[in-house]
1. Spot the failing condition for GLY103; the list is (1) at negative phi; (2) in contact (Cβ under 8 Å) with a residue 12 or more places away in the chain, and only one is missed.
2. Among (1) part of a strand (DSSP E or B); (2) surrounded by fewer than 11 Cβ atoms within 10 Å (Cβ to Cβ), where does GLY114 come up short?
3. Considering every residue within segment 131-151, establish whether at least one is at pLDDT below 90, exposed (fewer than 15 other Cβ atoms within 10 Å of the Cβ) and not in a strand (DSSP E or B).
4. Looking for whichever is out of contact with any Lys or Arg (no Cβ under 8 Å at 6 or more places or on another chain), outside any loop (DSSP other than H, G, I, E, B) and of a type in the set (Gly, Ala, Ser) here; the options are ALA218, ALA185. Which one fits?
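The values are calculated or read from the model by the stated rules, or taken from the named source; none is laboratory data. Everything quoted here is computed from the prediction, not taken from an experiment. Counting neighbours? That spans all protein chains shown, and the Cβs are built from the backbone with ideal geometry, glycine included.
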Amino acid sequence: MINGLNPATLSSINGGGDGAKLNDSQSDELRESFLTMLITQLENQDPMDPMKNEEMTSQLAQINTVSGIEKLNDTLNGITQQMDAGKMLQASGLIGNAVLVPGNSVKVNVDDEGKSYATPFGIELDKPAERVDISVTSKTGEVVYTEQVENVSAGVQSFSWDGLNNNDEPLVKGDYRVSLKAFDAEGEEMGVEALNYALVEGVTPAKDNGDVRLDLGAIYGQVGIDQVKQIL
């Protein structure tokens, strides 16, 4: 009786186990072995108890399984490579662009005329907010600016700030932190995610997991392309 495919053999064909994969020669040899064994069984079967059609179909199906799995793996590998190339192309298109990614940093700068300005920041909401309270603090924890924004839509929303305190005085150049609190129509606080500005400086090719990484510089490091919430 011809035995079915050994689970370990199927695992090897499918790239499982220790990661080994049959090469073309081994694959052809395996199929030849199956056919030889099937023909031998047919030639030596008991005429009074011949092999049933179901048994023969099962053996042939297992032979086809070998080819089918290999072709499927080749197809999937091709699709994966195309997807990785697409991700890389998409990510490369972001180089030089500003994006909003999860974080609560905001940077105040001063132009040549001594006028202050700040990098944008943003918020991500699961549902609309009746009110969003914005609070900016210095590195020492001092609150330097506050504002309330009403009727903020769900999704990703960006905000601009001129880098002035509530007395319209320019703040010292440097890094600050933004805190965001959102409230619904009933006054209940909602969950939010703060977003900060970053500039895409480069792209790291996909690793084994297919995750293309964006280089956001020394301060923000690298993030996955799925972390980009908005392109500014």
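1. Among (1) at negative phi; (2) in contact (Cβ under 8 Å) with a residue 12 or more places away in the chain, GLY103 violates only (1).
2. (1)
3. Checking segment 131-151: not a single residue is at pLDDT below 90, exposed (fewer than 15 other Cβ atoms within 10 Å of the Cβ) and not in a strand (DSSP E or B).
4. ALA218
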